[in-house]
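**Student:** Below are the structure tokens for one structure; questions will follow.
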Amino acid sequence: MESLCSVEASLVAANGVDTLQGFQGGAQEDTCGNRSEAILLHPCSTPADVSDVDCILNCDSESVSIGANNPEAYLHLPIVNSKLDRFSLLRNLPSVLNFAKINLGRGKKLLVCCNNGEDISICASLAILTSLFTDEGLFDDGESFSQTCITKLEMRRRLVFICKFAINARPSRGNLRQVFNFISSGSVNSVMTSEYR
């Protein structure tokens, strides 16, 4: 992979500067006074753009050599297009969510990337956004997900949000279907109940 054409899911901890609803606020507080993360999705196309991220979720078929000191900061999942393998993304979504949950729970910034930043990384980001964040875009470790019935309309609303910032996004119908099937089947619950490492 020559460059990390990707979608950066910089899911910023309590000192975050942007929110899901328009990138205007800082970290948000819920009704209990807990500070939550804000989400920022933005495309990046060069390795220099990853200098401000804490961990990388690489969804490309090729691994990238990075100077990470911490092996928990980099996860390579060789996910292929749905035309080559109809269930590649579906099989890897538990690992995607587990990696995101662990690192975002620790307040780290996460970069989700694939070979072109148009399909697989968008779908992985959609799964993360849908499963681990509230409707308002606050990271809640998946607590609100268990109380929400995710419909295709809700998935589309979140995808439209991602596409506002990843303007070259072109997720395939097959990969979107895999994300929806994973989320609507209840498979997310096994990831949500897993403990942090």
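The values are calculated or read from the model by the stated rules, or taken from the named source; none is laboratory data. Values in this document were obtained by computation on a predicted structure and should not be read as measured data. Note: ideal-geometry Cβ built from the backbone for every residue, glycine included; neighbour counts use all protein chains shown.
**Student:** Of all residues being modelled with pLDDT of 80 or more and over 13 Å from LYS108 (Cα atoms) in segment 48-66, which is surrounded by the fewest Cβ atoms within 10 Å (Cβ to Cβ)? Just the residue, please.
**Tutor:** GLU62
**Student:** If only one of PHE182, PHE145, PHE165 is within 21 Å of ASN115 (Cα to Cα), touching a residue at least 40 places away in the same chain (Cβ under 8 Å) and not β-branched (Val, Ile, Thr), which one is it?
**Tutor:** Just one listed residue meets the conditions, PHE165.
**Student:** For segment 91-104, which residues satisfy the criterion of being surrounded by fewer than 21 Cβ atoms within 10 Å (Cβ to Cβ) and of a type outside the set (S, T, N, Q)?
**Tutor:** Residues satisfying the conditions are ARG91, PRO94, LYS101, ILE102.
**Student:** Within segment 79-87, does at least one residue satisfy the condition of being touching a strand residue (DSSP E or B) at 6+ places or on another chain (Cβ under 9 Å), within 18 Å of SER172 (Cα to Cα) and among the polar types (S, T, N, Q)?
**Tutor:** No, because not a single residue in segment 79-87 is touching a strand residue (DSSP E or B) at 6+ places or on another chain (Cβ under 9 Å), within 18 Å of SER172 (Cα to Cα) and among the polar types (S, T, N, Q).
**Student:** Let me ask something additional. Could you say which residue among GLY186, GLY107 is surrounded by fewer than 17 Cβ atoms within 10 Å (Cβ to Cβ) and within 16 Å of the chain's Cα centre (by Cα)?
**Tutor:** It is GLY107.
**Student:** Also, quick follow-up: Would you kindly identify the helices (runs of 4 or more DSSP H) lying entirely within segment 71-188 that contain at least 3 residues that are over 17 Å from CYS59 (Cβ atoms), out of contact with any Ser or Thr (no Cβ under 9 Å at 6 or more places or on another chain) and modelled with pLDDT of 90 or more?
**Tutor:** 152-165
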